[in-house]
Amino acid sequence: MVSISFLNPLSPEGKDIVRELGSFEGISQDIPQLRSTVTHNPSQEIADDSEIPSNFLELALKRIEWYVKKKNHREFNGRRYAYLSDDQITKYDVISFYLLCQAIGVKFGPNSRETRVMVESQGDLIRERLGKLHVDEARQLVEQSLHLYLDDDQVHWTFFEELLSSRKIRLTELILDQGELILDHQDFMERFGPKIKHRNPLSMYQLLIGDELKELIMIKLIMQETEDYIKQVHEKAKKMVEPNPILLELAEQVAEVLSRPMQSYGYGSMGGGGGPLKAGPLNHQAFPPCVKKALEGIKSGGRNDGIVLFITPFISYARLYPDVFRMNITKRVSDQDPNLEKTENEVLPLIYEAAQRCVPPLFDDQPQEKVNINAKLGFGMHSTLKMEHEGETTWYTPMSCEKIKLHLPPLCKPDDLCKKIGNPLSYYNRRIWEVNNLKTEGSKTQEEGDAEKHSKTEVSGVQKETDLTKSNTSDPNSGGL
Ligand code: SF4
């Protein structure tokens, strides 16, 4: 029987496992049983020894690494992490979970990128584990876990206030009757059965609720509790004289896993048409005609859309995540700019300058548009960019050429390259690629030139040497042999 703590380490069973361990003593010691479980998992693929976690701390890092790679690596191989879905690791996994929450809570606090990754990875891991379990077993564990949170028969929607305000769940995802949550099959039939005409009420229940909604609610509740736990740890840590160095070291290693460049996850560096584009300082020369025109200031109407919907996504993606369309992975600004330094110092100033160049200057009569700009960057409707608000809205991707032609026609003055692309960001990437390619070719030519010179120098060197030998031979005072 799979323990509920395999899905929910914060359950009473999970807490018992932590209590049993007692202290940090021996936390970094090798656990042969863990290694053995990993290596004997029939689904496990192991390319080298470093892929096998040997102790609690390594397992903790593997949990984060799994999530980061899964999100960022197009050819992610889940079989390298098959052990994470093996319930044999439960007691080690629970300890690793607590170590991660404590390390992140102590070092980074609840509004950090590390907390977000921890919370989301926990949600993804539960989903992954549920998918690998037998349907009946998964169903039973979900019921059990939900029961821990929703022990009352009648749950009012306000119970989900925290989940709703943090947007982990939407009100439209819940099935409510007079403000009460409906999850139970019998309850659904009693309340809605007689009202459902021309449809089978059972199919309606399966469609609207079934296992899916229960799983969703359970996962989101565990994610919320994980976040709350990190918050508690952080508050306690503020009163501590000195946090445990093991936790601080683990926190540093988590940060290191999150900041590993894409190359280490299987991407090459930029080059040819093949590799991804690395984010780098903006190159204004590579901007497409529409962006250049908008940056000069929009004078012909459409100021708001031009700055908020067009320039804001374009500049932010061009600076932070130019490869978004090719990668096809949704990210947040902080994934690319963890301290928001580039966003504050390079992206926003450029957008604000363009806004002020509009006629009339955009913020003079519509200062609220600064809030809309933050919203388009994914930081909700707030006047300042704060990590705690990230995710309240979505980071808008740049408008396509088609939309620009339709909504902001005066900006589109296509040149030759425009015929080959469908989005201004692709134009920018293409130009950057051309420039880099030219540089590479240029440096190759230079290298070839240098090589030619070098070989000539060598030849002339030999000649000189010969001459020198001659001169040495002829000059007894030259110091030669
Ligand atoms: S075709 Fe696209 S990239 Fe070119 S100017 Fe028009 S909108 Fe901009």
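Counting residues in region 185-205 that are of a type in the set (Val, Ile, Thr) and in a helix (DSSP H, G or I) gives zero. Across region 399-424, what is the number of residues that are near the ligand (Cβ under 7 Å from one of its atoms) and outside any loop (DSSP other than H, G, I, E, B)? Qualifying residue count for the region: 6. Within region 16-25, the residues that satisfy the criterion of being surrounded by 12 or more Cβ atoms within 10 Å (Cβ to Cβ) and either at pLDDT below 90 or farther than 21 Å from Ile246 by Cα (or both) are Asp16, Leu21, Phe24.
Does Asp365 satisfy being modelled with pLDDT under 90, of a type in the set (Asp, Glu) and surrounded by fewer than 17 Cβ atoms within 10 Å (Cβ to Cβ)? Yes: the conditions hold for Asp365.
Out of the residues in region 1-38 meeting the condition of being of a type in the set (S, T, N, Q) and over 29 Å from the mean Cα position of the chain (by Cα), tell me which one is nearest to Gly123 (Cα to Cα). Lay out the reasoning, then the answer.
Going residue by residue through region 1-38, those that are of a type in the set (S, T, N, Q) are 3, 5, 8, 11, 23, 28-29, 33, 36-37.
Adding the requirement that they be over 29 Å from the mean Cα position of the chain (by Cα) leaves 3, 23, 29, 33, 36-37.
Numbers: Ser3: 17, Ser23: 27, Gln29: 28, Gln33: 26, Ser36: 26, Thr37: 23 Å.
Applying the filter and picking the extreme gives Ser3.
Evaluation of Asp30 against the conditions (1) in a helix (DSSP H, G or I); (2) in contact (Cβ under 8 Å) with a residue 24 or more places away in the chain; (3) more than 22 Å from Gln224 (Cβ to Cβ) shows that the sole unmet condition is (1). Scanning region 147-159 for residues that are part of a helix (DSSP H, G or I) and either in contact with a strand residue (DSSP E or B) (Cβ under 6 Å, 6 or more places away or on another chain) or in contact (Cβ under 8 Å) with a residue 40 or more places away in the chain (or both) turns up Leu148, Tyr149, Trp157. If you check Glu137, Glu114, Glu120 for being of a type in the set (Asp, Glu) and more than 29 Å from Arg260 (Cα to Cα), only one passes: Glu137. On inspection, Leu425 passes the criterion of being at pLDDT 95 or above, more than 19 Å from the chain's Cα centre (by Cα) and of a type outside the set (Lys, Arg).
Glu392: in a loop (DSSP other than H, G, I, E, B), among the charged types (D, E, K, R), away from the ligand (no atom under 16 Å from the Cβ) and within 23 Å of Leu164 (Cβ to Cβ), yes or no? Yes: the conditions hold for Glu392.
The values are calculated or read from the model by the stated rules, or taken from the named source; none is laboratory data. Everything numeric in this text was worked out from a predicted model, so none of it was measured. Methodologically, a virtual Cβ is constructed for each residue, glycine included, from the backbone with ideal geometry; neighbour enumeration extends over all protein chains shown.
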